[in-house]
Structure formats: structure tokens, C-alpha cells
Amino acid sequence: MSAGEKLRQLLTSPEIIVIPGVYDCLGAKLAEQSGFEVAATSGFGIAASTLGVPDYGLVTATEMLYSAGRIAQSINIPLIADLDTGYGNVLNVIRTVKDAVQLGLAGVLLEDQEWPKKCGHFEGKRVIPLAEHAGKIRAAVAARGDSNLVIIARTDARASLGLEEAIARGRAYIAAGADILFVEAPQSVEELKAIATAFPDTPLVANIVEGGKTPQLSTAELQHLGFKIVFFPLTSLLAVTQVMTACFRHLKAQGTTANFPDLVNFQDFQELIGVPQYLQIEQQFAAEKNTPFSENK
């Protein structure tokens with residue numbers, strides 16, 4: 001079963017799908033180990049971790065796909081990739097989606113911002129015309145072929161054009177063939193309810209950014225409203241930043257990490273990244289190399 005088929009199967013289950021955002025292979029492995037059934041790349045996290053810059057459209061298509069492909073290969077659960085705007089017009093979207101299929105991604109997220117885009121919870125976002133993004137969604141649907149890649153259409157229109165326009169765009173993007181709708185940054189529980197009411201038969205995404213514009217409801221509350229997926233795109237990035245900052249400050253002040261409480265045991269970390277399995281493989285082939293060659297008689 002392909003990654004896309006696995007994701008589609010999960011979408012048929014009655015429960016809401018909680019999806020943590022990851023920005024590297026280690027985070028993805030931790031998400032899988034923790035029991036999550038799907039992970040998603042965070043464009044914000046990849047920009048911050050690989051370039052040390054904000055989510056302002058500074059990561060190229062090549063860089064984003066390279067990161068997503070490596071993450072997908074490191075885990076056995078489906079991965080959804082944040083692929084921004086598709087990195088250009090319909091021709092660029094076609095190439096981006098074909099690359100996503102080759103990398104074994106389960107789903108892709110394509111948004112209707114102007115390029116360069118910004119984080120969905122930043123100020124100053126601008127969107128392209130509705131018809132232009134609907135065309136990009138149709139191009140993505142054509143480019144995926146029979147791969148079962150799941151296409152998530154995101155609109156950022158709420159910020160600059162209002163909720164009614166965001167809902168109108170959502171209808172157009174679903175009509176264009178998107179499998180899932182993501183209305184970014186609704187600003188109240190009432191707006192979340194309005195989105196769910198407008199799309200009773202469409203799988204919907206809620207995006208919970210700690211400190212962002214969307215109310216931080218529980219997953220149970222979001223499921224009750226009618227949402228099918230909830231992303232937590234920045235949770236791991238914010239948590240790691242907090243712990244790493246504390247660790248470095250402790251090391252600077254104390255000159256040692258001997259009594260720092262929040263370090264993973266080194267042996268446990270080796271288990272996580274598969275050191276015992278790699279050692280076994282290494283020993284197996286080293287033994288085979290030393291086995292005398294038997295000629296056929």
C-alpha cells in the first residue's frame with residue numbers, strides 16, 4: 001500500500017487525525033515512535049532549522065523537496081509535505097507534484113498566497129486570484145496521475161479578504177479536485193463553526209499554532225465542530241527551542257551538563273536512531289566478507 005493509500009484509509013476513520021509538524025528526520029522518528037499515524041513537514045520549521053530564517057518564502061522548491069524526501073524515507077508512516085504555493089505557475093506545480101510522487105509523499109499542501117509567501121499567522125499576506133489557484137489545483141490533480149497522492153488546498157484569504165471570500169475559495173478549490181480543504185487562520189470559534197458548516201462533507205484542516213491567530217481548542221472540540229485533521233505545525237520546534245536554550249544556558253553558567261535534567265539517555269538515543277540494527281548489518285556483511293569463497297564444482 002502506498003503512502004497516499006494509507007493516508008486515504010485513515011481519512012475514512014471516524015476519529016480526527018492529529019498530525020504533528022516535523023522539520024527533520026529525528027523529529028519524524030519521534031512522532032512515529034510516539035504513536036502518531038501521520039506526520040507533516042513544517043515549512044516554518046524547515047526554514048528556521050535549515051536556514052535560520054523566518055517563513056518568508058526563502059526556502060526553494062529544491063530545498064523543501066529535499067528535506068521532505070529525506071523525512072519520508074526515514075519513517076514508516078505517511079508524510080504530508082507543506083509545499084507552499086507550488087513554487088510558481090501551473091507548470092511549476094506540475095513539476096513539484098510529480099517530484100512529490102517520486103519521493104513517496106502521502107500528501108501535499110498547496111496554498112493561494114502570492115510568492116514570496118509568508119507564514120499563515122504573520123501579517124501582510126496577499127493572495128493570488130481565485131481562478132489562478134483553482135487552475136493550480138487542477139494541474140496538481142492531473143500531475144499526480146494514479147499515485148493516490150492526497151492534495152490539500154489551503155487558502156490564506158481570511159486575513160486580507162475576509163471569511164466569506166475564504167469560504168468561496170474553498171468551494172472553488174474542492175470543485176477543482178482538492179481532497180482536503182485548509183482555511184488558514186480563522187480568528188474565533190465562531191469562524192471555525194462557520195467553516196465547518198459551509199463544508200459538511202469535506203475533510204477540513206484546523207491549524208493550531210501556539211500563540212497564533214486561531215483559538216487553541218482541543219482535538220475533541222475540533223472534531224465536534226466537524227474538522228477531520230488538526231495540524232500542530234510548530235509545537236516540536238517551539239519545544240526543542242525551549243529545551244535547547246535552557247541546556248545551553250546551563251552549560252554556559254555551570255561549565256557542565258552533569259546535572260542538567262532534560263537530556264535523553266545516550267543508550268536510548270542510540271536505540272531510537274537504529275544503532276543496534278546498523279551494527280548487526282555491519283557484522284553480518286563483515287562475516288560474509290571473511291567467509292572463504294566456495295567454487296562451484
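Over region 1-140, the alpha carbon radius of gyration divided by the compact-protein estimate 2.2 N^0.38 Å works out to 1.03. Angle of helix 235-254 to the longest C-alpha principal axis of the chain, folded into 0 to 90 degrees and rounded to 10: 50°. In this rough spin-label picture, where each label sits 7 Å from Cα along the Cβ direction, the residue 26-residue 246 distance is 1.7 nm.
Whole Å is fine, so just give me how far the alpha carbon centre of region 9-58 lies from that of region 101-156. Value for the Cα centre distance between the two parts: 17 Å.
To the nearest 10, the accessible area of residue 266 is 140 Å² with a 1.4 Å probe.
Taking 0.36 nm per residue of separation and subtracting the Cα-Cα distance, full extension of the segment from residue 50 to residue 266 would add 75.3 nm.
Among the protein heavy atoms of region 25-116, carbon and sulfur supply 54% of the accessible surface, probe 1.4 Å, non-protein parts ignored. The percentage of C-alpha pairs in the chain whose separation is greater than 37 Å is 20%. Packing here is the average count of other Cβ atoms within 10 Å per residue, and on that basis the peptides 130-141, 195-206, highest first, run 130-141, 195-206.
Partners of residue 117 within straight-line reach, counting lysines whose Cα lies under 24 Å from its Cα and excluding those fewer than 8 residues away in the same chain: 98, 125, 136, 213.
Ranked by the mean number of other Cβ atoms within 10 Å of their residues, highest first, the peptides 74-85, 274-285 come out as 74-85, 274-285. Averaging the sequence gap over all C-alpha pairs within less than 8 Å and six or more residues apart, then dividing by the number of residues, gives region 1-104 a relative contact order of 28 percent. Dividing the Cα radius of gyration of region 178-226 by 2.2 N^0.38 Å, with N the residue count, gives 1.05. Placing a pseudo-label 7 Å from each Cα along the Cα-to-Cβ vector at residue 285 and residue 63 gives an inter-label distance of 3.3 nm.
For region 116-189, the relative contact order comes to 36 percent (Cα pairs under 8 Å, sequence separation of at least 6). Is region 51-205 best put as rounded, prolate or oblate by its Cα gyration tensor, with a ≥ b ≥ c the root eigenvalues, rounded for a/c under 1.5, and otherwise prolate when a/b is larger than b/c, oblate when not? Prolate is the answer for region 51-205, as a/c is 1.5 or above and a/b outweighs b/c. From a point 7 Å beyond the Cα of residue 73 in the direction of its Cβ, which residues of region 89-127 have a backbone N at a distance under 19 Å? Flagged as within label range: 96-107. Taking a virtual spin label 7 Å from the Cα of residue 13 along the C-beta vector, which residues in region 50-91 bring their backbone nitrogen under 12 Å of it? Those under the cut-off are 78. The packing ranking of peptides 253-261, 142-150, 46-54, highest mean first, is 142-150, 46-54, 253-261, where packing means the average number of other beta carbon atoms within 10 angstrom of each residue.
The values are calculated or read from the model by the stated rules, or taken from the named source; none is laboratory data. Quantities reported herein were computed from a predicted structural model and do not represent experimental measurements. As a convention, Cβ positions derive from the backbone with ideal geometry for all residues, glycine included, and neighbour counts pool all protein chains shown. For accessibility, only protein heavy atoms count, side chains too; no ligands or nucleic acids. Shrake-Rupley method; radii C 1.70, N 1.55, O 1.52, S 1.80 Å.
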